[in-house]
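In what follows, a single structure is set out as structure tokens and then discussed.
Derivation of every value follows stated rules applied to the coordinates shown; laboratory data play no part. This is a predicted model, so every value here is computed, not measured. Reconstructed Cβ throughout: ideal geometry from the backbone, glycine too, with neighbour counts over all protein chains shown.
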């Protein structure tokens, strides 16, 4: 059996929440079952679709429960090739990087979880009783430059693998990701939670940086023609205030604001006519906002 974009996920589904079984040889009536248990319809349909594409037979879908097929030939193909899919015995196959990503995504779709406790605890994890299989997953992640920790849990006879840190979690997002809808959504939350809202003021090219910053963020507010720059971080505006005064002799004020839904933010205001003229003179205000201000002051 040759691994491709369909067989790699099928194998992972069977290792995670699947089964390839037959009844005892002592029983007269024989059955050979290949199935995937899961409550998520997206994963069930994905298994069904990939199984049909690879084996040419469509498994029966029981929504909210499983996807199953009875087929002696496919049973023996899978067992002869991969030996076992039992929880303690499955093995991750040797795959190229692209197929490895597909296998990992599927396995994490079934067995993984995502935690996003903002700025406190952000990680991806999975549990398994199969220590050898879990170490294979860890090694496959490492080949994608994703570091993880794997160890035995203290409270149960089970092993846990966890992925921490911005770089590793972003790489997982970009290289592997999730098909499972809620896990996919949580991983997006993790990625957004790592957004750096602190402005990086450079030592070299500071004037250019300030011009680009004010050009982008400086807006005319209200009928009075106040030039306002907002940020959710007060320290950004305090630093901007300092640099505007030091380099261009422009005075400003930083105030706390709360929007209509109760979110706190901060606003740097330049409201004196002479100070705004300094902005314009030094090309710190983009053309659109400059025209707005000039019309207000006519």
* **Highest-MSF residue in the chain out of 222, 112, 125 [GNM, Cα springs under 10 Å]** => 222
* **Between 0 and 90°, nearest 10: helix 41-55 axis offset from the chain longest Cα axis** => 50 degrees
* Asked: From largest to smallest, what semi-axes in whole angstrom does region 91-194 give when each is the square root of 5 times an eigenvalue of its alpha carbon gyration tensor?
  -> 20, 17, 12
* Where is the GNM fluctuation largest for the chain (alpha-carbon springs, 10 angstrom cutoff): 68, 230, 41? -> 230
* Structure fact -> Residues 137, 190 in order from fewest to most other beta-carbon atoms within 10 Å are 190, 137
* Asked: Which percent of Cα-Cα pairs in region 1-90 sits in each 5 Å bin, short to long?
  -> 3, 14, 25, 28, 18, 8, 3, 0
* Structure fact -> Proxy exposure order for 188, 275, 157 (fewest C-beta within 10 Å first) is 157, 188, 275
* What 222 nm value per residue comes from the helices of the chain, counting each DSSP H run with n ≥ 4 as -39,500 (n - 2.57) and dividing by all residues, nearest 500 deg cm²/dmol? -> -14000 deg cm²/dmol
* Asked: Among 129, 62, 198, whose mean-square fluctuation peaks in a Gaussian network model of the chain (Cα, cutoff 10 Å)?
  -> 198
* **Share, in percent, of DSSP beta bridges within the chain that are antiparallel, nearest 5** => 100 percent
